[in-house]
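Scroll down for the structure; my scribbles are underneath it.
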Amino acid sequence: MDGEIATRRWRREDIEALMALPFADLVWRAQTVHREHFPANEVQASRLLSIKTGGCPEDCGYCSQSAHFKTGLKASKLMDKEAVLAEARRAKAEGASRFCMGAAWRAPKDRDMPDLCDMAREVKAMGLETCMTLGMLTEDQAEQLAEAGLDYYNHNIDTSPEHYGEVVSTRTFEDRIATLERVRRSGMKVCCGGIVGMGERAEDRVGLLLALANMTPPPESVPINALVPIEGTPLGNSAPLPAIEFARMIAVARILMPTSYVRLSAGREQMSEEAQALCFLAGANSVFIGERLLTTDNPGERRDVALFERLGVRLV
Ligand code: SAM
Ligand code: DTB
Ligand code: SF4
């Protein structure tokens with residue numbers, strides 16, 4: 001990342017001004033920035049796997065996996081390494097270049113670290129990029145994962161610092177930042193983004209982007225998730241953000257973080273092809289492929305092949 005981009009500071013007013021641009025002007029700026037730093041018609045493909053599902057002690061108001069809410073999800077323990085490796089092979093065969101392993105934990109237990117490190121090491125040896133999202137990490141755990149060759153660690157800030165306490169009560173925004181700093185110091189790349197459509201205010205979306213863009217350096221990977229409403233959770237009845245507002249969010253993320261992968265993450269199943277196309281026009285250049293995200297559906301290969309062919313986009 002060039003030094004100027006790594007240390008640039010954005011002001012809230014800069015972001016508000018971008019958000020207020022006429023849509024065509026905003027998309028034109030986002031396209032210009034995107035084409036300076038990335039091939040215009042390539043989208044990176046990641047595949048997710050839930051390696052430990054449900055029964056989570058945290059109370060994130062959007063999540064199907066929290067033990068605090070009755071969502072009907074069946075909890076299971078950490079998968080065997082061989083089963084994880086088989087899924088990684090399948091992901092590679094389906095065209096994924098990165099394999100992301102997610103666990104419904106507040107934090108990993110030290111006794112699970114050797115298995116987790118083996119998974120990271122062996123998935124990487126297949127020629128896939130690796131990512132994990134396991135909750136909070138100690139410095140030592142971050143170092144162990146980095147040592148095993150884990151490329152990315154995902155840990156989202158999810159919303160603005162001001163709104164965070166309304167979504168999660170079992171940890172603070174500062175807890176999230178502390179883990180992100182440990183990940184950064186360990187040498188792994190940072191994957192950090194948020195969710196929109198949780199009933200947040202427009203200023204919270206600005207606050208989310210401000211917090212992400214002012215990390216020094218900004219995250220290399222920025223997932224923008226559209227809330228997948230889960231029945232039984234406090235946010236299960238939230239209304240989706242209009243597609244054009246969602247695309248604005250992507251465009252502003254692209255302008256603020258020119259060299260980061262901006263991922264159109266959760267929510268593609270609920271979006272039209274045209275809404276997704278707007279996001280790619282706005283500078284999104286990464287997606288999750290496959291039939292499933294962690295616990296919810298994703299468009300899957302047949303629909304995605306059709307979409308990306310129609311758009312002339314190459315998945316890489
Ligand atoms: N337990 C770990 C943690 O919270 O960091 C890792 C797994 S957690 C499911 C990873 C991320 O998925 C969350 O931070 C959130 O951004 C996203 N997520 C979870 N449920 C979602 C939903 N219903 N809709 C959209 N994004 C969601
Ligand atoms: C991220 O930002 N989105 C992914 C990944 N990081 C771990 C998770 C999306 C989860 C969507 C809801 C589910 O399938 O449970
Ligand atoms: Fe647990 Fe992560 Fe879901 Fe929060 S988002 S309840 S920490 S799995």
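The values are calculated or read from the model by the stated rules, or taken from the named source; none is laboratory data. Note that this is a predicted model, so its numbers are computed, not measured. Glycine gets a Cβ as well: all are built from the backbone with ideal geometry, and neighbour counts include every protein chain shown. Heavy atoms of the whole protein, side chains included, go into the accessibility calculation; ligands, DNA and RNA do not. Shrake-Rupley method; radii C 1.70, N 1.55, O 1.52, S 1.80 Å.
Express the relative contact order of the chain as a whole percentage, based on alpha carbon pairs under 8 Å and six or more residues apart in sequence. Write out the running numbers ahead of the final one.
Details: 615 pairs, mean separation 75.3, N = 316.
With pairs under 8 Å counted, the relative contact order is 24 percent.
Spit out the partnerless Cys residues in the chain, using Cβ distances under 4.7 Å as the pairing rule.
Result for the chain is 56, 117, 191, 192, 279, no neighbouring Cys Cβ within the cutoff.
Anyone know which of 124, 189, 109 comes out most mobile in the 10 Å Cα GNM of the chain?
109
Return the sequence-ordered ³J(HN,Hα) values of the stretch 282-293 in whole Hz as given by the Karplus equation 6.51 cos²θ - 1.76 cosθ + 1.60 applied to θ = phi - 60°, using x for Gly and Pro.
Each residue of the stretch 282-293 in turn: 7, x, 5, 9, 7, 9, 8, 9, x, 6, 10, 8 Hz.
Indicate, rounded to the nearest 5 percent, the antiparallel portion of the DSSP beta bridges found entirely in the chain.
Given both bridge residues lie in the chain, the antiparallel proportion sits at roughly 5 percent.
For the stretch 230-316, what does the relative contact order come out to in percent, with C-alpha contacts under 8 Å and a separation of six or more? Before the final figure, lay out each step's value.
Values: 81 pairs, mean separation 20.8, N = 87.
Value for the stretch 230-316: 24 percent.
Would you please give the residues with an amide H less than 5 Å from that of residue 158, counting only those at least 5 places away or on a separate chain, with H modeled from the backbone geometry?
Result for residue 158 returns 193, 194, 195.
Quick check for you: with a 1.4 Å probe and neighbouring chains kept, what is the accessible area per residue of the chain, in Å²?
Dividing the accessible area of the chain by its residue count gives 43 Å².
Name the residues whose placed amide hydrogens come within less than 5 Å of the amide hydrogen of residue 55, ignoring near sequence neighbours (fewer than 5 apart) on the same chain.
67
Between their Cα atoms, which of 74/124; 52/124; 81/109; 77/109 are more than 22 Å away from each other?
In this structure, 74/124 exceed 22 Å between Cα atoms.
GNM on the chain, C-alpha springs below 10 Å: top fluctuator among 88, 266, 277?
277
So what is the calculated 222 nm ellipticity per residue for the chain, using -39500 (n - 2.57) for each DSSP H run with n of 4 or more, over all residues, to the nearest 500 deg cm²/dmol?
-12500 deg cm²/dmol
Picking from 226, 83, 40, which is most flexible by a Gaussian network model of the chain using Cα springs under 10 Å?
Evaluated over the chain, the most mobile residue of the options is 83.
Ranking request for peptides 125-132, 300-307: highest mean number of other beta-carbon atoms within 10 Å first, then the rest in descending order.
Descending mean neighbour count gives 125-132, 300-307.
In whole percent, how big is the carbon plus sulfur part of the accessible area of the stretch 66-172, probe 1.4 Å, protein atoms only?
Of all accessible area on the stretch 66-172, carbon and sulfur atoms account for 48 percent.
On a straight-distance basis, which aspartates and glutamates could pair with residue 92 in a cross-link, Cα separation under 20 angstrom, same-chain partners fewer than 8 positions away excluded?
42, 80, 82, 118, 122, 129, 151, 291, 297, 301, 304, 309
Between residue 16 and residue 203, what is the spin-label point distance in nm, taking each point 7 Å from the Cα along the Cα→C-beta axis?
Result: 0.8 nm between the two label points.
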